[in-house]
Ligand SMILES: [Zn+2]
């Protein structure tokens with residue numbers, strides 16, 4: 001999001017040249033630039049000891065496809081801490097290890113998604129109210145169940161399969 005008014009004092013911002021950043025909306029009263037903002041979320045491919053992935057159905061996201069665990073980061077939280085919290089909240093799995101997978105820009109929602117592979121033991125999934133259902137499926141099968149190619153979920157599952165050499 002590009003600011004038009006100062007979020008602190010409400011003054012209309014004027015573009016100003018800020019070093020290498022180029023033109024940035026600037027508040028003359030507060031004497032500071034306001035850089036564009038976006039949300040930061042985590043997305044976690046949760047995998048158990050049998051190479052099965054936990055996939056969720058969440059009607060508010062899609063009625064057709066399965067999702068991975070994802071959620072908005074809170075101020076002060078690390079991406080790792082947020083991942084552990086969201087996975088436990090949404091499906092009740094306690095992660096034992098996280099592996100950074102990459103970051104992905106989700107332009108439709110103006111969102112930076114920080115991707116992880118999250119490892120935990122297979123347990124019965126206990127769901128939050130945001131989750132309609134969830135299943136463990138072999139990661140190979142997950143690729144055809146999540147949002148199609150081009151989505152962050154797909155990219156994450158595909159990367160896991162390649163890195164773990166589960167596909168050629
Ligand atoms: Zn201001």
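Please treat every number below as a calculation from the coordinates, not as lab data. Given the structure is predicted, the values throughout are model-derived calculations rather than measurements. Virtual Cβ from ideal backbone geometry, glycine too; neighbours counted across all protein chains shown.
The ranking of 38, 116 from fewest to most other beta carbons within 10 Å of each one's beta carbon is 38, 116. Averaged over residues, the count of other Cβ atoms within 10 Å places the peptides 138-144, 7-13 in the sequence 138-144, 7-13, highest first. For the chain, the longest principal axis of the Cα atoms and the long axis of helix 79-91 meet at an angle of about 50 degrees. With Cα atoms defining each centre, region 58-91 and region 120-164 are spaced 12 Å apart in the structure.
Ellipticity at 222 nm from helices only: DSSP H runs of n ≥ 4 in the chain, each -39500 (n - 2.57), divided by the residue count, give -5000 deg cm²/dmol.
Between rounded, prolate and oblate, where does region 39-163 land on the alpha carbon gyration tensor, with a ≥ b ≥ c its root eigenvalues, rounded for a/c under 1.5, else prolate if a/b exceeds b/c?
Verdict is rounded for region 39-163.
Projection of the Cα convex hull of region 8-105, averaged over all directions and equal to a quarter of that hull's surface, yields 9.7 nm². Based on the Stokes-Einstein relation at 25 °C and a viscosity of 0.890 mPa s, and on the Kirkwood radius from alpha carbon pairs, region 79-152 is assigned a translational diffusion coefficient of 178 µm²/s. Against the main long axis of the alpha-carbon atoms of the chain, helix 152-163 sits at an angle near 60°.
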